[in-house]
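First comes the structure, then the notes that go with it.
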Amino acid sequence: MSDEQMPLTGHLVELRRRVFISFLALVVGIVLSFVFRSRIFDVLTRAGDDPNLFFFTLTGAIGPTMKVALLGGFIVALPVVVYQFVRFLAPALSRKERRYLALLLPSVAICFMAGVAFAYFILVPPIIEFLLEFGTDVASPRPSLASYIDTVVALLFWMGMAFETPFLMYFVTLIGIGKPSFFSRHRRTWVVIAFILGALITPTFDPINQTMVAVPFIVLYEMGIWLSKLAARKPRRQEKVIEEPDD
């Protein structure tokens, strides 16, 4: 039965099935991350040069552990969730749009992992070093496990999401929803948004940490504008190829 002929109840049943599969993948990812939490904690603390972390209450390790499990579960489930979302939308898309989705689908997971890697190797070490050394002339740093995990997980997750920006800008232009001119006109707005996100993601409001987070957001947006222009030229090239045999 085609998408046009499928009744509303059929769409709802299909949506429920896709959501259940995505939820199941997330649960499996969370369970796996919880089982291997010690190794994950070891990897996360290594990014901050293995600070001596503490928790000061009986339940002080539960919250950070669940956050790590949720982040790990999200990363594990991301390809499945994206695939289920695309499969649900596929009947409503044209053949060309479905082909674009099939080609660009792996980019979602790749972009997210690239953002996580960028945050882990580039952003986290200097930010943690700055936070640990700032104020050492007044007191000795004794970071809690919760504060450390909150900072690192936020940076990893949001930078992973930020690295999706060029891909999304390219894709919406490719299917005709967005235009390079629109993205170019909102450059200044995005700069403001980038610094707001930098203030929200980092645990302090100092301009150094905000700038370290905001600059990659701005650079990624500029990359998205360039990719959007590339996507906008692609259909015209295809039209030329089609028109040549008719001459």
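The values are calculated or read from the model by the stated rules, or taken from the named source; none is laboratory data. Small disclaimer: the values here were computed from a predicted structure and weren't measured. In this analysis, Cβ positions are derived from the backbone assuming ideal geometry, glycine residues included, and neighbour counts consider all displayed protein chains.
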Based on this model, can you work out whether ILE122 counts as under 22 Å from ASN209 (Cβ atoms), among the aliphatic types (A, V, I, L, M), in contact with a Ser or Thr (Cβ under 9 Å, 6 or more places away or on another chain) and part of a helix (DSSP H, G or I)? no
Of the listed residues (THR136, THR189, THR151), the one being over 13 Å from PRO216 (Cα atoms), in a helix (DSSP H, G or I) and modelled with pLDDT under 90 is THR151
Which of the residues spanning the stretch 55-86 are of a type in the set (Ser, Thr, Tyr) and under 17 Å from the mean Cα position of the chain (by Cα)? TYR83
Check on ALA154, surrounded by fewer than 21 Cβ atoms within 10 Å (Cβ to Cβ), of a type in the set (A, V, I, L, M) and under 20 Å from PHE74 (Cα atoms): yes
